[in-house]
Amino acid sequence: MISVDAVTVEFNGSALFSNISFNINDNDRIALMGKNGAGKSTLLKIIAGASKPTRGKVSVPKDAVIAYLPQHLLTEDNATVFEEASKAFAKILDMKKKMDEFNHQLETRTDYESDDYAKIIEQVSELSEKYYSVEEINFDAEVEKTLMGLGFLRSDFTRPTKEFSGGWRMRIELAKILLQKPDLVLLDEPTNHMDIDSIQWLEDFLIHNAKAVIVISHDKTFVDNITNRTIEVTQGRIYDYKAKYTHYLQLRKERREQQQKQFDDQQKQIADIQGFIDRFKGTYSKTLQVQSRVKTLEKIEIIEVDEVDSSALNLKFPPAPRSGNYPVIIEGLTKKYGEHTVLKDVSLTISRGERIAFLGKNGEGKSTLVKAIMSEIEHEGKVQLGHGSLIGYFAQNQASLLDESLTVFQTVDQIAVGDVRTKIKDILGAFMFSGDAIDKKVKMLSGGEKTRLAMIKLLLLPVNLLILDEPTNHLDIKTKDILKEALIAFDGTMILVSHDRDFLDGLATKVFEFGNKRVKEHFEDITGFLRNKKMENLREIERK
């Protein structure tokens, strides 16, 4: 059992949460819920040992393994996919290496009576006990099975990790976590970059193989499928429900209704007492009764009603300057990574004002084509931007590219020019950064807050070609809807890479379908595209 004991986290004198306590038991599958910025990711980092609380502690049994998958990864590029995943067994292999070194010393040294020799024997015994207590594992077979379960092909195993997008690197990191067979798995938005097959594989693994899990996710279906307990972080405290997400929503609604009723009753009681005090304050015969009621009033603890998130993002793109008739023209584009061909002889034209969705399974080249348009990668063939094209680009990993040492205000101040500099606080306020929040360091922000901050960059300069690669990752449902409304009102050209059908519905008017190294053009919106494909949702495209 892992216990969180009276954990408090404070920033700049104000508490993010206070005296939080709960236990994590075997077979607990916990959904950690709460609005963006409530402290979910911070709590996960503390349990993982990656951050320390201001007060309180997390008690973990000796030899317990906690594995943590953060929202944003900073992975190295010096290994193949298979080598990187195999690092999951680094501790075990390191133990074996140390044992061999010690045994070699015992064989070659002759100072049998010395303290050093005795110490080596003691160290070998201790290491051997740990090493041989680990069940025998066919490391290569386990790595292969896990990588293929997460959607990798055998041909991917020898490819360098640097050839993969942030989403695929997330899966490599997830593979390392699952291979450790941890006592507790901590997952922060694990499904953001996954197609349906990989999500279902992960669900099955967590349900049947994981001992205990805590997950933060905006994917309601995923959370409902894997969890049996919900912990809500709100107003600096937690509520613990022995229920999965949908049942928790109902229980939370009932709790708030009950709190409101108790609050209303208490306010009526306070008004009655105060009324008596005001009416008989100067009446000698009522002095004792007035004093009694004053004391009663002082002792009353005001019932708090849990907050309903009423903050609203005020998002509006500047008018788009007029561009040429064809903002993007691509002719004969081919992109290879070593022997692996991602796109072959792709030609397409994007007209001014079009709203295009890039759809297809992960790894079929959607983000690769975006990077080619942005001149971020070398390729064969021609990519031509039209006259007057001004690009606003939101990359998949945009939030992780922010300088974490800066404050929220400094991040915007650094890129603002002209009259905009006088309106920075207004702009931040529109993005729900106000008061002390503008002085918070970027490293202290939640994933959703970082995404909002990264989105501000798109608004500071007028653009006429928006390229958004998975812009809704880490955004809660309400913020997604506000972003969608702002994009509908945008009067320029738009390219959207997204798995989210609800987000694309009514937004994209044309589909480019990626598959088999090609790109096929469909002159219809998302609903028409799915209807003609006889599919219910975008996840089915990824399964094909």
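The values are calculated or read from the model by the stated rules, or taken from the named source; none is laboratory data. It should be emphasised that the depicted structure is a prediction, and the values quoted were computed from it without experimental measurement. Glycine gets a Cβ as well: all are built from the backbone with ideal geometry, and neighbour counts include every protein chain shown. Remember, those area values only see protein heavy atoms, side chains included, never the ligands or the DNA or RNA. Shrake-Rupley method; radii C 1.70, N 1.55, O 1.52, S 1.80 Å.
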Packing-ranked peptide list from 361-374, 244-257, highest mean Cβ count within 10 angstrom first, is 361-374, 244-257
Residues meeting the amide H criterion for residue 219 (H placed from the backbone, H to H distance under 5 Å, 5 or more places apart or on another chain) are none
Mean accessible area per residue over the chain (1.4 angstrom probe, all protein chains present, square angstrom) is 51
Counting only protein heavy atoms with a 1.4 Å probe and every protein chain in place, the carbon and sulfur fraction of the accessible surface of the chain in whole percent equals 48
Subtracting the Cα-Cα distance of residue 521 and residue 63 from 0.36 nm times their residue separation yields 159.4 nm
Stokes-Einstein, Kirkwood over Cα pairs, the range 78-181, 37 °C, 0.692 mPa s; D in µm²/s equals 208
Once both label points are put 7 Å beyond Cα along the C-beta direction, the residue 98-residue 325 separation in nm becomes 7.1
Any trypsin sites (Lys or Arg not before Pro) in the range 437-540 that lie in a DSSP loop and have at most 16 other Cβ atoms within 10 Å would be 517, 534
Filtered hits (lysines, Cα-Cα < 24 Å from residue 299, offset >= 8 within chain) -> 261, 268, 281, 286
Counting all Cα-Cα pairs in the range 255-392, those more than 21 Å apart amount in percent to 67
Taking Cα pairs closer than 8 Å and at least 6 residues apart, the relative contact order of the chain in percent is 16
So the compactness index of the range 1-76, its C-alpha Rg divided by 2.2 N^0.38 Å, takes the value 1.14
Placing each pseudo-label 7 Å from Cα in the direction of the beta carbon, residue 413 and residue 141 end up separated by a distance in nanometres of 6.0
Expressed in angstrom, Rg and Dmax over the Cα atoms of the chain are 28.4, 101
Amide H contacts under 5 Å for residue 213, restricted to residues at least 5 apart in sequence or on another chain and with H modeled in the peptide plane, are 28, 29, 30, 185
Links exceeding 20 Å between C-alpha atoms in this model, out of 335/382; 40/220; 371/450, come to 371/450
The extension gain from residue 384 to residue 264, computed as 0.36 nm times the residue separation minus the Cα-Cα distance, is 36.7 nm
Across the range 464-523, qualifying lysine pairs (alpha carbons under 28 Å, at least 8 places apart or different chains) come out at 6
